[in-house]
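Bear in mind that the values in this text are calculations on the coordinates, not laboratory data. None of these values were measured; they are calculated from a predicted model. Reconstructed Cβ throughout: ideal geometry from the backbone, glycine too, with neighbour counts over all protein chains shown.
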Amino acid sequence: MQVQSMHFKARAGQKLADQRLQQNLTKLSTKFVSARAAAMTAIDFPATRAALKERRNRALENLDVWLETFEREATRRGVTVLFAETTQEAARLVGDIARRHEVKKVIKTKSMVTEEMRLNEVLGQMGVQSIETDLGEYILQINDNEPPSHIIAPVVHKDKEEIADLFAKTHGRPRLTEITDMTREAREMLRPHFMTADMGVTGGNFVVAETGSVVLVTNEGNEGMCTVMPRVHVAVTGIEKVLPTLEDLATAMRLLPRSATGQATSNYFSVLTGPRGEGDQDGPEHMYVVLVDGGRTGLIGGDFQEMLRCIRCGACMNHCAQPHHRAGRP
Ligand code: SF4
């Protein structure tokens, strides 16, 4: 991911003047904001949020202990746990795993940490093909590796017509404009990669210390393909994502899908505990978890520690602090 903050003012001016982009963003914020508001009525939202805050604080107060517990429990179940102090080190570790297992092709799910690590670029330099399989991320990748614009909806800044043009150009097929047809075409393009990849790389919405599990919360089903089809699975996530217990996970899951997309639960919710064991019908032969610091421990005890409680629901990206913008109106 390119750091663009030094150009923020100039870029913001350009983007605010882009009518097409403004229309796309208005549609998105309206949908997400209203869906979230409706989903929150089904639970006692303030109490659930307070409960998660307490549980996340408990994890952060003894982060080292919970990370050690996770490492011990995951290792006991056959997972190799690696720690990276920097995002560069994390990318190098994933590259080493690819080399060790003679990987030629990687299939990936959406993961903001791997964006931070510029993982696709690092793998590409090693001669390893890395394919994004989340639909939004796939669209961005075939558009000259464009960076995502939203943590939940990475391609929200593009409308259907732009994507139709891109598919026709890249896939070399007649231009389609029905969303179901376009999605089917993307699936047809991705399917051969699912069948031939040697390694799957995913993020991790959470890791659970008491069971040594990696938790993935998705809507598209590509995560299942990335963790089950290849012989190696590498999950990469930040060290702050550790939850001490499955009870903590249950509380987090009451909030995450509701806050992110207005769903009571996501279409897919996987708790992955170890590689394929004897008698298991599926799963990778080798499983790794790379836990990335990337400056996170520097926040502990400081004014910004509460940033580490973020569950990456993306809701704050859809809500403007100005009251007249809150309902998603421009
Ligand atoms: S900071 Fe934003 S992404 Fe993180 S938990 Fe809060 S609303 Fe969600």
- Message: Give me the one-decimal nm value for the distance between modelled label points at GLN281 and THR180, 7 Å along each residue's Cα-to-Cβ direction.
- Response: 2.8
- Note on the structure: In whole angstrom, largest first, the equivalent ellipsoid semi-axes that the Cα gyration tensor gives for region 268-314 are 34, 14, 7
- Message: Could you tell me the relative contact order of the chain? Use alpha-carbon pairs under 8 Å, at least six residues apart, and round to a whole percent.
- Response: 27
- How big is the Kirkwood radius of the chain, worked out from every pair of different alpha carbons and given in Å to one decimal? 20.9
- Query: How far apart, in nm, are two points set 7 Å out from the Cα along the Cα-to-Cβ line at ALA168 and at VAL65?
  - Reply: 6.2
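With contacts defined as alpha carbon pairs under 8 Å and 6 or more residues apart, what's the relative contact order of region 216-305 in percent? The partial results should precede the final answer.
Values: 91 pairs, mean separation 40.8, N = 90.
Dividing the mean separation by the residue count of region 216-305 yields 45 percent.
Measure up LYS15/LYS53; LYS31/LYS104; LYS31/LYS241; LYS15/LYS160; LYS15/LYS105 against 30 Å on the Cα-Cα distance and list the ones that go over.
On the way: LYS15/LYS53 35 Å; LYS31/LYS104 40 Å; LYS31/LYS241 28 Å; LYS15/LYS160 19 Å; LYS15/LYS105 36 Å.
Result: LYS15/LYS53; LYS31/LYS104; LYS15/LYS105 exceed 30 Å.
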- Stretch gain in nm, segment ALA17-LYS105, where the contour uses 0.36 nm per residue and the Cα spacing is subtracted: 27.7 nm
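Which of the GluC sites (Glu not before Pro) found in region 267-322 are loop residues per DSSP with 12 or fewer other Cβ atoms within 10 Å of their Cβ? Don't skip to the answer; put the middle values down first.
Values: sites: GLU278, GLU285, GLU306; in loops: GLU278, GLU285.
Answer in residue order: GLU278, GLU285.
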- How about LYS9: which lysines have a C-alpha closer than 25 Å to its C-alpha, ignoring those fewer than 8 places off in the same chain? LYS27, LYS158
- With each label point set 7 Å from Cα along the Cα-Cβ vector, what nm distance links ASN145 and ARG58? 4.3
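Working from the pairwise distances between different alpha carbons, so that the mean of 1/r is found and then inverted, what is region 122-223's Kirkwood radius in Å?
It is 15.3 Å.
Set the Förster radius R0 to 45 Å, insert the Cβ-Cβ distance between ALA264 and THR196 as r into 1/(1 + (r/R0)^6), and round the FRET efficiency to 0.05. Don't skip to the end; give the middle numbers.
Working: r = 36 Å, r/R0 = 0.80.
The pair ALA264/THR196 has a calculated efficiency of 0.80.
For region 14-122, what relative contact order do you get, as a whole percent, if you take Cα pairs closer than 8 Å and at least 6 residues apart? Walk me through the numbers on the way to the answer.
Numbers: 26 pairs, mean separation 16.7, N = 109.
It rounds to 15 percent for region 14-122.
Sorted from largest to smallest, which semi-axis lengths in Å does the alpha carbon gyration tensor of region 200-316 give for its equivalent ellipsoid, taking the root of 5 times each eigenvalue? If you can, show how the numbers build up before the last one.
Working: eigenvalues 125, 63, 32 Å².
Output for region 200-316: semi-axes of 25, 18, 13 Å.
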- Message: Could you work out [θ]222 nm for the chain from helices alone, using -39500 (n - 2.57) per DSSP H run of at least four and dividing by all its residues? Round to the nearest 500 deg cm²/dmol.
- Response: -14000 deg cm²/dmol
- Item | Length released on extending from GLU85 to ALA42, taking residue separation times 0.36 nm less the Cα-Cα span | 11.4 nm
- Task: Take every DSSP beta bridge whose two residues both sit in the chain, then give the antiparallel share in percent to the nearest 5.
- Result: 25
